[in-house]
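First the structure, in the form of structure tokens, and then the observations on it.
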């Protein structure tokens, strides 16, 4: 099944800054971040009016329908960008082995229906998966680097996608991939060198010291996930912490290396004029994520926080605007 790829060529600006949330459908957010009485079907549209990006994490748990991908595209502004979380079937069950058919099914499910709103693909590796250079090299070599390659891969889907595949036509666009690691064996210069060879990003993941936090720059973009600096998924970020992340983001966007970066190796071998930065808050349990995202966006851009973000996060005792 094919159709025209929408909005081709729009969201291609070097040094772009994308700050948002990891998922948007959370019951605890209703009446706190989302206004009371807002229909669930309108939650993405509301979130997209407050920030310019979001991670799609439903794709981690199961293959989504083409109708869902199309709806997410339709419910967001033209300059909105989604990061897409790769299936846990590939990362946690197959553990990256023999993944070609699963990758094809994932692409064929309708990912390309996001058109120009498709940002990086996130591959979150499980805590029990250690660094195996050959296995990771093989997986990296299979990942599509542009939409032409993705369409070709998607056509190799198996019978489970028969009649469901959605591979829209359109001009070729670059695809990006980022890896979030959770096993200490990845703290290895060889891993960083492998990502650099394949131009994949190493996710800068703040997980309240539970899993490794590395800031090696391995691609022409940086991907940040903020899960909570004091308590995983539950703690919010204070002004000082957000100011620190804003400083780091600006250094990355300007093509530099953060002075006090936690790295395993030397800085990237070649200079980059400007890098894109994608940053997502996953501290969703106590409704910190959307408020922290809007506050960081204001700090990083030097602009006033939008009216909806003017109030403090609910944990401070003040009601949102």
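Figures for the structure shown
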read-out: For segment 229-276: span of alpha carbons on each principal axis (Å, largest first); value: 38, 21, 17
read-out: Relative contact order computed over segment 22-157 (Cα-Cα under 8 Å; 6+ residues apart), in percent; value: 24 percent
read-out: Proxy reagent accessibility, fewest Cβ within 10 Å first, across 217, 272; value: 272, 217
read-out: Estimated [θ] at 222 nm from DSSP helical runs (n ≥ 4, -39500 (n - 2.57)) normalised by residues in the chain, nearest 500; value: -7500 deg cm²/dmol
read-out: Segment 92-106 and segment 203-279: distance between their alpha carbon centers, rounded to Å; value: 28 Å
read-out: Distance between modelled label sites at residue 30 and residue 141, nm, 7 Å Cα→Cβ extension; value: 4.9 nm
read-out: Percent RCO, i.e. relative contact order, over segment 17-316, from Cα pairs under 8 Å lying at least 6 residues apart; value: 18 percent
read-out: Value of D in µm² per second that Stokes-Einstein yields for segment 121-251, Kirkwood Rh from Cα pairs, at 25 °C (0.890 mPa s); value: 146 µm²/s
read-out: Calculated FRET efficiency for the pair residue 240/residue 62, C-beta based, R₀ 30 Å, to 0.05; value: 0.15
read-out: Percent antiparallel among DSSP beta bridges (both partners in segment 17-316, rounded to 5); value: 5 percent
read-out: 90, 107 arranged by Cβ crowding within 10 Å, fewest neighbours leading; value: 90, 107
read-out: Segment 161-261, relative contact order in percent, only Cα pairs under 8 angstrom and at least six apart counted; value: 20 percent
read-out: Taking 235, 59, 49, 109 and counting other C-beta atoms within 10 Å, the order from fewest to most; value: 49, 235, 59, 109
read-out: Per-selection Kirkwood Rh - the chain (Cα, Å, 1 d.p.); value: 20.0 Å
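Values in this text are rule-based calculations from the coordinates and carry no lab data. Note that the structure is predicted; figures quoted are calculated from it, not measured. Reconstructed Cβ throughout: ideal geometry from the backbone, glycine too, with neighbour counts over all protein chains shown.
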